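Structure, as structure tokens:
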Amino acid sequence: MELKPGSRWKSAVCDAEVIVVKPGNGSAELGCGGAPMYPMDGEAPNDAELDPKLAGGTNLGKRYVDEGSGLEVLCTKAGAGTLTLYGTPLTLQGAKPLPASD
């Protein structure tokens, strides 16, 4: 799948939706809950099921990253599935520390 900045993707197994902030290194296989994600205007596969091992949930308004590829996505709708890149779970990006005001 070709991930471009601003492209929107839906999970085939839960309610999760994301928007790509940084596409990382070229094309990638973005998944959620053990099934590949599909474009917002695409058709959902009927046979996809949530993998219990990848049911950690996705939080609304949080950014998820893959340090190796540079991929960064923003969750626009929460869901039960865990976001993955080639089957490896993405990491929840922490808040950036504010500068000290001494």
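The values are calculated or read from the model by the stated rules, or taken from the named source; none is laboratory data. All values reported here derive from a predicted model rather than from experimental measurement. Positions of Cβ are backbone-derived with ideal geometry, glycine not excepted, and every protein chain shown enters the neighbour counts. Each accessible area value is taken on the protein alone, full model and side chains, heavy atoms only, with ligands, DNA and RNA left out. Shrake-Rupley method; radii C 1.70, N 1.55, O 1.52, S 1.80 Å.
Here L60 passes the criteria (1) closer than 16 Å to E17 by Cβ; (2) not in a loop (DSSP other than H, G, I, E, B) except the one numbered (2).
Annotation for the stretch 18-33: no member residue is touching a residue at least 60 places away in the same chain (Cβ under 8 Å) and of a type in the set (K, R).
Screening the stretch 66-93 for residues that are surrounded by 21 or more Cβ atoms within 10 Å (Cβ to Cβ) and in contact with a helix residue (DSSP H, G or I) (Cβ under 8 Å, 6 or more places away or on another chain) and picking the one that is nearest to G24 (Cα to Cα) gives T84. In the stretch 85-102, the residues that are closer than 18 Å to E67 by Cβ reach residues that are among the basic types (K, R) and in a loop (DSSP other than H, G, I, E, B) with C-beta atoms within less than 8 angstrom, at least six apart or across chains, in these pairs: L92/K62; Q93/K62. Anything in the stretch 22-35 that is open to solvent by less than 30 Å² (accessible area, probe 1.4 Å), out of contact with any Cys (no Cβ under 7 Å at 6 or more places or on another chain) and not in a loop (DSSP other than H, G, I, E, B)? List them, or say none. L30, G31, A35 - these are the residues of the stretch 22-35 that are open to solvent by less than 30 Å² (accessible area, probe 1.4 Å), out of contact with any Cys (no Cβ under 7 Å at 6 or more places or on another chain) and not in a loop (DSSP other than H, G, I, E, B). Restricted to the stretch 36-65, and to residues there that are in contact with an Asp or Glu (Cβ under 8 Å, 6 or more places away or on another chain) and either at pLDDT 95 or above or among the basic types (K, R) (or both), the residue that is surrounded by the fewest Cβ atoms within 10 Å (Cβ to Cβ) is R63. Report whether or not N25 is of a type in the set (S, T, N, Q) and within 11 Å of the chain's Cα centre (by Cα). The answer is no for N25.
You will find that of A78, A12, the residue that is more than 17 Å from Q93 (Cα to Cα) and either touching a strand residue (DSSP E or B) at 6+ places or on another chain (Cβ under 9 Å) or free of Cβ contacts under 8 Å to residues at least 40 places away in the same chain (or both) is A12 and no other. If you scan the stretch 39-62, which residues turn out to be within 14 Å of V73 (Cα to Cα) and not small (G, A, S)? P39, T58, N59, L60, K62, listed by residue number.
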